[in-house]
Structures are given as structure tokens and as C-alpha cells.
Amino acid sequence: MAPKPALSRSSRGAPTERRLHSRLAINCEVCLSWQDPEGNHTVRARALDMSKYGMLVESESGIAPGVVVSVGTSSAAFGSACVRHCAPTGATYLIGLHMPDRMTALMVSMDGPIGGTRR
């Protein structure tokens with residue numbers, strides 16, 4: 001499956017690629033969890049796309065930028081991510097996650113098959 005780039009609009013309305021890394025469209029339920037002075041928190045979300053260093057998720061709850069969350073599914077823990085942005089979109093929020101530990105390489109390889117390794 002070839003990566004599907006995430007496009008943004010230039011000032012003239014034509015699509016332009018502004019991302020550093022290609023994004024792959026996905027549809028996967030994930031669980032985001034974190035701790036703060038108020039206690040433990042868990043939010044279910046749907047992953048919409050991912051790259052080697054990040055993931056875009058959609059959730060019914062927002063998470064403040066700067067919060068470090070653990071990302072996982074019902075069958076695997078993928079690692080930690082930092083919330084880079086959180087924007088309301090109707091009744092949901094789009095949350096951009098930065099994953100500096102490259103945990104997404106466990107789930108998808110942009111240079112090879114899903115779950116594959118590259119040396």
C-alpha cells in the first residue's frame with residue numbers, strides 16, 4: 001500500500017505538500033492515556049493517518065498541547081507521544097501527536113511492508 005500524502009492548501013487554493021514525512025491513511029482505534037495532578041486519564045480515539053514520527057487521531061475529548069500520552073490498542077502498546085495540536089471539528093477533536101521515539105515504525109514502515117523491517 002503506497003503512502004497517501006496529506007495535502008494542505010496554498011494561498012492560491014491549489015494543494016501543496018508541506019509535510020516533512022509522507023502520511024499513510026489508516027483507520028484504527030487507539031487508546032491515549034496520561035497522568036496529571038488531577039489523576040489518571042484515558043481517551044479512546046480513531047487514528048486517521050500516520051507517518052514515521054507522528055499520528056493524527058480523532059476523539060470526542062480534547063487533550064491540551066504539550067501533554068505526553070501513552071498510545072496503544074487493545075492488543076499492543078506503541079509508545080509515548082506528545083500532543084502537538086488539538087483542534088475542535090464539530091463534535092470531535094483532531095489531535096496531532098508527535099512520536100519522537102519512532103514507535104510508529106513498529107506499526108508501519110514507509111519504506112516497506114506493514115510490520116516489515118528494513119536494514
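The values are calculated or read from the model by the stated rules, or taken from the named source; none is laboratory data. Everything numeric here is computed off the predicted structure, so don't read it as measured data. Because the Cβ atoms are built from the backbone with ideal geometry, glycine has one as well, and the counts that use them run over all protein chains shown.
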Could you tell me which numbered condition ALA76 fails, if it satisfies all but one of (1) surrounded by 13 or more Cβ atoms within 10 Å (Cβ to Cβ); (2) closer than 19 Å to LEU24 by Cβ; (3) among the small types (Gly, Ala, Ser)? (1)
What pairs come out if I take residues in segment 71-96 that are aromatic (Phe, Trp, Tyr) and at pLDDT below 90 and pair them with residues that are in a strand (DSSP E or B) and surrounded by 13 or more Cβ atoms within 10 Å (Cβ to Cβ) whose C-beta lies under 9 Å away, six or more apart or interchain? PHE78/VAL30; PHE78/MET55; PHE78/SER70; PHE78/VAL71; PHE78/GLY72
Among the residues of segment 32-67, write down those that are among the β-branched types (Val, Ile, Thr) and surrounded by fewer than 13 Cβ atoms within 10 Å (Cβ to Cβ). THR42
Please go through (1) under 22 Å from GLY39 (Cβ atoms); (2) within 14 Å of the chain's Cα centre (by Cα) for SER61 and return the number of the only condition it doesn't satisfy. (2)
